[in-house]
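*Asks:* Let me give you the structure first, and then I'll get to my questions.
Derivation of every value follows stated rules applied to the coordinates shown; laboratory data play no part. These figures come from a predicted structure and were not determined experimentally. Ideal geometry is used to build each Cβ from the backbone, glycine not excepted, and the neighbour counts take in all protein chains shown.
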Amino acid sequence: MSHPENGADSRAQYVRAVLDLYRATPTALGHVRRTDRDLAAALYDRGVPLYLVENALLVAAARRVLNNAFSAPLPPIRSLAYVVPVLTELQHRPLGPRDIDELRQRIRRALAGPY
């Protein structure tokens, strides 16, 4: 995979977008470390599409929120590296738009608490 737009500006924009998505991810600590920035740049260099990173962050958050209903809360995701295995999984078996929308809704409901 490669990016249609090349150059330092597009790389910097991609890295910024990935880090913004990471900061906004439910269950993520949100603090960006140098290793997170380096990983985001490496994802750009490997040609990983931004939508795939976004989906991987969503799936990782959903797994933490939705599979933890009857146990103690899990600690926050502390690194972007946490989603690398999910990225690999989604590259081989992508989710459809309906699946992604459903995950977003389920996370929102779960984080809203009991009704």
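*Asks:* Please report how far the C-alpha centroid of region 44-64 lies from that of region 76-115, rounded to the nearest whole angstrom.
*Replies:* Region 44-64 and region 76-115 have Cα centres separated by 8 Å.
*Asks:* Fewest Cβ neighbours within 10 Å first, please rank 27, 88 accordingly.
*Replies:* Details: 27 21, 88 11.
Starting with the residue having the fewest Cβ neighbours, the order is 88, 27.
*Asks:* Can I ask one more? With n ≥ 4 as the cut-off for DSSP H runs, can you work out [θ] at 222 nm for the chain, using -39500 (n - 2.57) per run divided by the number of residues, rounded to the nearest 500?
*Replies:* Numbers: 5 runs with 72 residues, N = 115.
Using -39500 (n - 2.57) per qualifying helix, the result is -20500 deg cm²/dmol.
*Asks:* Calculate the tail of P(r) for region 8-112: the fraction of all Cα-Cα distances greater than 25 Å, expressed in %. Mind dumping the intermediate values first?
*Replies:* Numbers: 990 of 5460 pairs.
It works out to 18 percent of all Cα pairs.
*Asks:* Ok, one more. Starting from the amide H of residue 28, placed 1.01 Å from N in the peptide plane, find each other amide H under 5 Å away whose residue is 5 or more places distant or on another chain.
*Replies:* Those lying under 5 Å, H to H, from residue 28 are 77.
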